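Reading through the structure tokens given below for one structure.
The values are calculated or read from the model by the stated rules, or taken from the named source; none is laboratory data. Quick caveat, the model's predicted, so the values are computed rather than measured. Glycine also receives a Cβ, built like all others from the backbone with ideal geometry; neighbour counts cover every protein chain displayed.
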Amino acid sequence: MQDKYQPAAIEAAAQDHWDSTMAFRATEDSPRPKYYCLSMFPYPSGKLHMGHVRNYTIGDVFARYHYMRGYNVLQPMGWDAFGMPAENAAIQNNVPPAKWTYDNIDYMKDQLKRLGFAVDWSREIATCAPEYYRWEQWLFTRLFEKGLIYKRLGTVNWDPVDETVLANEQVIDGRGWRSGALIEKREIPMYYMRITAYADELLAALDTLPDWPEQVKLMQKNWIGRSEGVEAHFPYDATSIGEAGALKVFTTRADTLMGATYVAVAAEHALAMIAAARNPALAAFIEECKQGGMAEATLATMEKKGMDTGLKVVHPLTGESLPVWVANYVLMGYGEGAVMAVPAHDERDFAFARQYGLPIRMVIRSTEGRYTEVSEQWIDAYAEYGQLVNSGKYDGLDYQGAVDAIAADLAAKGLGQKRVQFRRRDWGISRQRYWGCPIPMVRCDDCGDVPVPDEQLPVVLPEDVELTGRGSPLTRMPSFFECACPRCGKPARRETDTMDTFVESSWYFLRYASNDNSEAMIDARAGYWAPVDQYIGGIEHAILHLLYSRFFTRALRDCGLIDLSEPFARLLTQGMVVASSYYREDENGNKQWINPTDISVTTDERGRPVNATLKADGLPVTIGGIEKMSKSKNNGVDPLSMIEQYGADTVRLFIMFAAPPDQQLEWSDSGVEGASRFLRRVWAFGYGLLTEHGIGKNSEIPSSLPAPLADVRREIHTHLKQANHDFAKHQFNTVVSAAMKILNALEKLPHGDASASAIAFEGFSILLRLLSPVTPHIAHALWQECGLGDDILAAPWPEPKSDALAQDEIELMLQINGKLRGSFRVTADAQRSDIETTALATEAAQRFMEGKPAKKVVTVPGRLVNIVV
RNA sequence: GCCGGGAUGGCGGAAUCGGUAGACGCAGCGGAUUCAAAAUCCGCCGCUGGUAACAGUGUGGGGGUUCGAGUCCCCCUCCCGGCACCA
């Protein structure tokens, strides 16, 4: 055995061992219970970053822990390989997206392997491979035929200079990121997935997921956004609108209907179009509303603007004529694209009415009587529920009574009814981009939109293309889009849009189980492994990816492909990796971000940072604060260079120790140094065990130990108990800390004593097994070197022994009036009355009670006594 | 703007059911070892006062419940994630 810890050698040896024994090849015929452990697959952006390393280390800890706990574990890995960055790289470097992507996959796979993850690589998938996306196309045609996919107009960001559709990310302050042109909203035909058909089920089933973080379930619930309310119809005023009809609005505050003084419609609304045709100023305003991006955050923070259309509608209850306004804050995509405005009881309507001089009519009086009339300034109490006033026959009703009565009256007139509205809209999946899965549809002048038949799948994406940044190259490739209509055989045009990349990631977890099947999308093996028992990924996916996957699983279920509704039984959302950032400003005032590896920081005598300098020139730089590791802030730390310097185990140990998995993790070079120091001590202890404690290996631990040895052993088993408890709640940072405490205890054991050596062997075997999921290489090597067994993966998980934990006396805290004033010892089985007598007799109690009698004594067995005087 | 989360020493964090605040680690300070350094080992380490014993104070800010609050309730501030075409 080497006397020094040499991570490079032992990591290579351990990885060879796992490879040659195919240790992590998962099969479906094991007697063990199955455990499907999955980390969100990476986008092959070029290099592994620390966020990946953290994600996959957490996953690997779950996988290896369950392996040792006796489960049949599957931990696969693959590539979320379609997406925009490949196109951007192609434009920049003149490399086809496919080559760029596959090169990145090769490079990142090598990096991943260096970390020693217990991955079954035989199941690897890449979503850009035709073998993968053909099944996505196949499913698309099924869903289209079932009516779960349909086509309609949708809004996109249009760059009029580059003549291309931009992602929200590519719109910066309302302008295209490359052209700088003002972006406008444009309506184009797109395919939609009918996720709203499952809205109720997706919402209700959140209650069947006890092992998902509450915050994620809450975000999903709010995102689906079920609200119960009333649909009200405002008939068109025949004198101002030529045609017959009614304006529909949805409201959750039907109790305020009598206070509606105008209605507002979105710029794209039919009434807006009618009015614009007669009024050039209004047409110009509507054009103005179309400027700027489509992102909700942009729309919601915009200055509220509106214009009167001159059109009138009729209030469904009072018959009053109300003006119709166009307002930029009304969204065409939500509800009916129109709202009734009640300025007295809605903050946004209030501001709008004040701005444009529209009437404000108070119809609710707050039950606490906080106001009796509407003032100049909005106060939040106006929006509270209360009793109706100024509402004719509805006066005096409360919220529920008013809603019931008004809904009934609307229904009687045929002008509305109660209804449920969801915030969640259908999922638009068409992308006017090249590097994605082609939508398997054909447009025929005679037959309309026709799905590509199974025998013509996959529709292969041509990989030899040139990207210009002006639209998708597919639209310029007749060899791709010219085809015969599958139905009538006449010349037709193939769809050139591709699918949103969220589609690929909505079902990949099932394909891992059937990745070699060229006859079917998924097979019985998916039924064996699904659902994923533990899913690990970033909190940023809490809504979209997870909701789409839950929807897709149900769609697959309803196509008869799998008997499953929820794809992920347990979920852990990991925090971000952040690091200090540093910069200098150049002569134009632009920040030049400097990588932390090129910085040295000086501290004062207490260790507080005073200033930072660039190593190269010794001159000061500005400390820019703690930021998410990113290219733009140049504060990323390269995982590979860390592995080369310290070994994979050190990197894994630091990541698991520095923060709980769901919180943000701050990178610290000296913290990594500390992790490395700990592993060197572990190695040194193992070496010492062989060379000095050697005799203890086979000796039994005597039933009666001298007190100091019994204390050390109790300490070890107490820490083990703690570690097992923390493993169960996924708090891995304190698992590592328990392992450190065990080593601290072990190092206190004397050498040359047979009982001490026996305890050392027992304790070290506990330590190695505890560490094995986190630092598998060193645990594997020391387990063999110290003769504890052949393969630590086959060792049983350690459990604390009750005889080691037993103790005769315990220490209790003494409080006087809730303040800690001392402590005292009692036997472990002492009765409450004995504890109180002992407590009152202590010197500290006598001193702080100052002779006054105890008014009350609170005793918490095993914890403390509080004397109130 | 809307939805969700967070704030504890110089730093990362711990505190299992409302019961010893600061475990474990980092940084720092002091010492041992060394020709010297690195590495290693030992000790100290919230803040204020005090040589010390000890006392006071302390979990973003303000209020409340309780014998007892980092933990529960109300209000506020700041920071972070998401907002439907980044993945």
Complete set of residues in the range A:630-673 that are aliphatic (A, V, I, L, M) and either within 8 Å of RNA strand B (Cβ to nearest atom) or closer than 23 Å to A:Ala14 by Cβ (or both) | A:Leu640, A:Met642, A:Ile643, A:Ala648, A:Val651, A:Leu653, A:Ile655, A:Met656, A:Ala658, A:Ala659, A:Leu665, A:Val672
Report yes if some residue within the range A:724-744 is touching a Pro at 6+ places or on another chain (Cβ under 9 Å) and away from RNA strand B (no atom under 15 Å from the Cβ); otherwise report no.
-> no
Counting residues that are closer than 20 Å to A:Ala266 by Cα, which strands (runs of 3 or more DSSP E) fully inside the range A:325-414 reach at least 1?
-> A:338-341
Every residue from the range A:269-299 that is crowded, with 19+ Cβ neighbours inside 10 Å and within 16 Å of RNA strand B (Cβ to nearest atom) = A:Gly292, A:Gly293, A:Met294
Starting from residues that are loosely packed, with under 14 Cβ neighbours inside 10 Å and among the basic types (Lys, Arg), keep the ones in the range A:815-857 and report whichever is nearest to A:Ser704 (Cα to Cα).
-> A:Arg825
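Looking at this structure, is A:Ile759 in a helix (DSSP H, G or I), modelled with pLDDT of 95 or more and more than 14 Å from RNA strand B (Cβ to nearest atom)?
no
Here is a yes/no grid of residues against (1) touching a strand residue (DSSP E or B) at 6+ places or on another chain (Cβ under 8 Å); (2) under 17 Å from A:Ser240 (Cβ atoms); (3) of a type in the set (Lys, Arg):
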position: A:Ile274; (1), (2), (3): yes, yes, no
position: A:Asp308; (1), (2), (3): yes, yes, no
position: A:Thr318; (1), (2), (3): no, no, no
position: A:Trp325; (1), (2), (3): yes, yes, no
position: A:Gly333; (1), (2), (3): yes, no, no
position: A:Val339; (1), (2), (3): yes, no, no
position: A:Asp346; (1), (2), (3): no, no, no
Residue by residue through the range A:527-546, note down the ones that are within 11 Å of RNA strand B (Cβ to nearest atom), touching a residue at least 60 places away in the same chain (Cβ under 8 Å) and touching a strand residue (DSSP E or B) at 6+ places or on another chain (Cβ under 9 Å).
-> A:Gly537, A:Gly538, A:Ile539, A:His541, A:Ala542, A:His545, A:Leu546
Inspect the range A:798-814 for any residue being crowded, with 18+ Cβ neighbours inside 10 Å and within 10 Å of RNA strand B (Cβ to nearest atom) and give the result as yes or no.
-> yes
How many residues does the range A:48-78 hold that are within 14 Å of RNA strand B (Cβ to nearest atom), closer than 22 Å to A:Met576 by Cβ and over 18 Å from the mean Cα position of the chain (by Cα)?
-> 1
Considering every residue within the range A:352-374, establish whether at least one is within 16 Å of RNA strand B (Cβ to nearest atom), under 28 Å from A:Glu303 (Cβ atoms) and surrounded by 14 or more Cβ atoms within 10 Å (Cβ to Cβ).
-> yes
Options A:Ala81, A:Ala90: the member that is at pLDDT below 95, buried (at least 24 other Cβ atoms within 10 Å of the Cβ) and within 16 Å of RNA strand B (Cβ to nearest atom) = A:Ala90
Listed by range, strands (runs of 3 or more DSSP E) wholly within the range A:137-208 having at least 1 residues that are within 16 Å of RNA strand B (Cβ to nearest atom) and at pLDDT 95 or above are A:149-159, A:184-193
Does at least one position in the range A:216-236 carry a residue that is assigned to a loop (DSSP other than H, G, I, E, B) and more than 9 Å from RNA strand B (Cβ to nearest atom)?
-> no
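Within the range A:415-440, how many residues turn out to be among the hydroxyl-bearing types (Ser, Thr, Tyr) and in contact with a Pro (Cβ under 6 Å, 6 or more places away or on another chain)?
Looking only at that region, the number is 1.
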Residue satisfying all of: in the range A:14-54; assigned to a helix (DSSP H, G or I) and in contact with a His (Cβ under 8 Å, 6 or more places away or on another chain); farthest from A:Leu653 (Cα to Cα) among these = A:His17
Just give me the residues in the range A:252-267 being within 16 Å of RNA strand B (Cβ to nearest atom) and touching a Leu at 6+ places or on another chain (Cβ under 9 Å), in sequence order.
-> A:Ala266
Go through the range A:429-440 and give me each residue that's touching a Ser or Thr at 6+ places or on another chain (Cβ under 8 Å) and more than 24 Å from A:Thr468 (Cβ to Cβ).
-> A:Pro440
Scan the range A:84-136 for residues that are under 16 Å from A:Leu510 (Cβ atoms) and in a helix (DSSP H, G or I) and report the count.
-> 7
Which ones in the range A:527-541 are assigned to a helix (DSSP H, G or I) and acidic (Asp, Glu)?
-> A:Glu540
Among the residues of the range A:247-272, write down those that are out of contact with any Gly (no Cβ under 9 Å at 6 or more places or on another chain) and assigned to a strand (DSSP E or B).
-> A:Leu247, A:Tyr262, A:Val263
Do we find a residue being at pLDDT below 95, crowded, with 18+ Cβ neighbours inside 10 Å and within 16 Å of RNA strand B (Cβ to nearest atom) anywhere in the range A:460-467?
-> yes
Report, ordered by the first and then the second residue, all pairs with beta carbons closer than 7 Å, sequence separation of six or more or different chains, a first member in the range A:680-692 that is part of a helix (DSSP H, G or I), and a second member that is near RNA strand B (Cβ under 9 Å from one of its atoms) and among the acidic types (Asp, Glu).
-> A:Phe685/A:Glu747
Among residues of the range A:422-450 being away from RNA strand B (no atom under 15 Å from the Cβ) and not in a strand (DSSP E or B), the residue nearest to the chain's Cα centre (by Cα) is A:Pro440
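Out of the range A:494-526, which residues are over 19 Å from A:Met77 (Cβ atoms), more than 16 Å from RNA strand B (Cβ to nearest atom) and either touching a Pro at 6+ places or on another chain (Cβ under 7 Å) or not in a strand (DSSP E or B) (or both)? Write out each step before concluding.
So in the range A:494-526, the residues over 19 Å from A:Met77 (Cβ atoms) come out as A:494-500, A:502-503, A:518-521, A:523-524.
Then drop every residue that is not more than 16 Å from RNA strand B (Cβ to nearest atom), which leaves A:494, A:518-521, A:523-524.
A:Ser518, A:Glu519, A:Ala520, A:Met521, A:Asp523, A:Ala524, listed by residue number.
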Looking at A:Tyr150, is it on the phi < 0 side of the Ramachandran plot and either free of Cβ contacts under 8 Å to residues at least 24 places away in the same chain or surrounded by fewer than 18 Cβ atoms within 10 Å (Cβ to Cβ) (or both)?
-> yes
Given A:Val263, A:Val249, which one is surrounded by 24 or more Cβ atoms within 10 Å (Cβ to Cβ) and either within 21 Å of A:Arg425 (Cβ to Cβ) or among the acidic types (Asp, Glu) (or both)?
-> A:Val249
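Per-residue answers, yes or no, for (1) surrounded by 20 or more Cβ atoms within 10 Å (Cβ to Cβ); (2) closer than 23 Å to A:Leu48 by Cα:
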| residue | (1), (2) |
| --- | --- |
| A:Lys113 | no, yes |
| A:Gly116 | yes, yes |
| A:Gln137 | yes, no |
| A:Phe140 | yes, no |
| A:Val156 | yes, no |
| A:Asp162 | no, no |
| A:Asp173 | no, no |
